[in-house]
Amino acid sequence: MTMATSFARQTTETSANEKGNLVMLSSEQPTRTPVDWQTGLPALLSLRVSLRELMPSDAQSLHDLIATPDVQRYLAPGPKSVRDFEQFIRWTHETRESGQYACFGVVPKGCEAAVGVFQVWPVEPGFATAEWGFALGAPFWGTGMFQECAQLVIDFAIETMGVRRLEARAAADNPRANGALRKLGAVHEGTLRRCHKVGNEYRDHAMWSILADEWVAGSEREAETATFEGVPALQPSLVASAV
């Protein structure tokens, strides 16, 4: 599962903070404790997957799963070697510290290393409007993992980063990514013609958006439905503790 987004690379050698805050899913404590994500991304947890800050040890796994023809087909040029991914991971930490970018590694239950990434960056200062992108290793396509991760990332973007409008661009000829965004509830706003160069050709992109008020309203309706049917709805709450 990929969306047309770029992996930025940075060669500056700086130390990275690999610690974050723990996010627990609880139906008994719906209140939230503010998290300063610039000092370290929290770990976002669900039943099957955790999203956490990338670590140097993720470089090999990301190279093996992301730097493949199937995944790279819809991505802008990015890291090619393990060293490239190491540099990319350092860059994600540096840019997060400056408050300009957040990148989560996707770690399925039972795994130790990341098998994909979800990224959020500002379209306008302050993150009121932001864009997100993702890349997931091919073995995890069609497993429902994207939907699970996406819901965690969108909740975090809206509730912690203050995003009011979240945009996504997907290659128009990428039915899997466009279908996943539609299923998630994103609204298709049109086609950006020949806006993205891949190799020697320019490709069309589909523009999708999620508005914070609509997302929150939809989540509340789902929670009410789940409670009505006798299934306790899981409400995430932030617990400020280091991992």
Checklist entry - Do we find a residue being over 19 Å from W91 (Cβ atoms) and at pLDDT 65 or above anywhere in region 31-39? => result yes
Checklist outcome for this item: Note on region 142-163: residues within 20 Å of A130 (Cβ to Cβ) and either touching a Cys at 6+ places or on another chain (Cβ under 7 Å) or loosely packed, with under 15 Cβ neighbours inside 10 Å (or both) are Q147, G162
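Yes/no per residue for (1) surrounded by fewer than 22 Cβ atoms within 10 Å (Cβ to Cβ); (2) modelled with pLDDT under 95; (3) not polar (S, T, N, Q):
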{"position": "T2", "(1), (2), (3)": "no, yes, no"}
{"position": "Q60", "(1), (2), (3)": "yes, no, no"}
{"position": "F85", "(1), (2), (3)": "no, no, yes"}
{"position": "I89", "(1), (2), (3)": "no, no, yes"}
{"position": "G110", "(1), (2), (3)": "yes, yes, yes"}
{"position": "V117", "(1), (2), (3)": "no, no, yes"}
Item to check | Filter pass, L166 being surrounded by 17 or more Cβ atoms within 10 Å (Cβ to Cβ) and under 18 Å from E131 (Cα atoms) | outcome: yes
Next on the checklist: I'd like the full set of residues that are assigned to a helix (DSSP H, G or I) and at pLDDT below 95, limited to region 149-177.
Outcome noted: P175, R176, A177
Checklist entry - Got at least one residue in region 208-228 being within 27 Å of A76 (Cα to Cα), modelled with pLDDT of 85 or more and either in contact with a Gly (Cβ under 8 Å, 6 or more places away or on another chain) or surrounded by 19 or more Cβ atoms within 10 Å (Cβ to Cβ) (or both)? => result yes
Item to check | Lone unmet requirement of (1) within 15 Å of the chain's Cα centre (by Cα); (2) more than 28 Å from D204 (Cβ to Cβ) for R83 | outcome: (1)
Checklist entry - Just checking, how many residues over region 183-207 are among the basic types (K, R) and either surrounded by 14 or more Cβ atoms within 10 Å (Cβ to Cβ) or farther than 23 Å from R73 by Cα (or both)? => result 1
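The values are calculated or read from the model by the stated rules, or taken from the named source; none is laboratory data. From a predicted model like this one, the values you see are computed outputs, not experimental measurements. Backbone-built Cβ (ideal geometry, glycine too); neighbour counts: all protein chains shown.
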